[in-house]
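One structure is given below, encoded as structure tokens.
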Amino acid sequence: MSQSFTGSCLCKNITYRIDLPASEPVPEIVLCHCTNCKHYTGSGFSANIIVPQTSLNFTEGTPKLYLDRNDRGGQVRRTFCANCGSPLTSQPSGEDRMIVVKSGTLDDESRANCGKLSMEIYHQRKDRWTDALGQEGVQRINGMW
């Protein structure tokens, strides 16, 4: 049985659908701690799922493309919503088969159906404060503060 995941940018001008064949495993979360991903997402890391390029289809709207560079001089194709600024995907040069989708743009049900955290890349660039995630002593509020 195939799996489907849906998502959108913040303003909902761009929506997408990921249709994975039954042979594909449930996407797991990959965190990237590289400097460019931190700048791109405005966060301490980028949370992602990696899926076959052919499984991703934009169902409404067209994202804007920004050509970035990685630390090895290669190109990274980054898409985002030109209206609200939500980052949507990244794709390193030479990687035509797979695409990195920002997991925060998945709809709630789709995000809940993703697998566990499986990898952290550029771990040596991890911000120290991220070690406190999930630990005791960090104030947790259910809603806005």
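Just so you know, all these numbers are worked out from the coordinates, no wet-lab data involved. Given the structure is predicted, the values throughout are model-derived calculations rather than measurements. Virtual Cβ from ideal backbone geometry, glycine too; neighbours counted across all protein chains shown.
The table that follows gives values for the structure above.
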item	result
Out of 78, 69, sole residue that is without any contact (Cβ under 8 Å) to a residue 60 or more places away in the chain, farther than 18 Å from residue 109 by Cβ and in contact with an Asp or Glu (Cβ under 6 Å, 6 or more places away or on another chain)	78
Unique match (being within 21 Å of residue 112 (Cβ to Cβ) and touching a Ser or Thr at 6+ places or on another chain (Cβ under 6 Å)) among 28, 60	28
Test for residue 120: is it in a loop (DSSP other than H, G, I, E, B), out of contact with any Gly (no Cβ under 6 Å at 6 or more places or on another chain) and charged (D, E, K, R)	no
Pairs, first loosely packed, with under 10 Cβ neighbours inside 10 Å in the stretch 121-145, second not acidic (Asp, Glu), C-beta under 6 Å, six or more apart	138/132
Residues satisfying the stated conditions in the stretch 1-53, i.e. in a loop (DSSP other than H, G, I, E, B), β-branched (Val, Ile, Thr) and loosely packed, with under 14 Cβ neighbours inside 10 Å	26
Number of positions in the stretch 67-81 that are surrounded by fewer than 16 Cβ atoms within 10 Å (Cβ to Cβ) and closer than 19 Å to residue 11 by Cα	0
Cβ-Cβ under 6 Å pairs, at least 6 apart or on other chains, the stretch 87-110 side more than 18 Å from residue 19 (Cβ to Cβ), far side crowded, with 20+ Cβ neighbours inside 10 Å and among the basic types (Lys, Arg)	87/102; 90/78
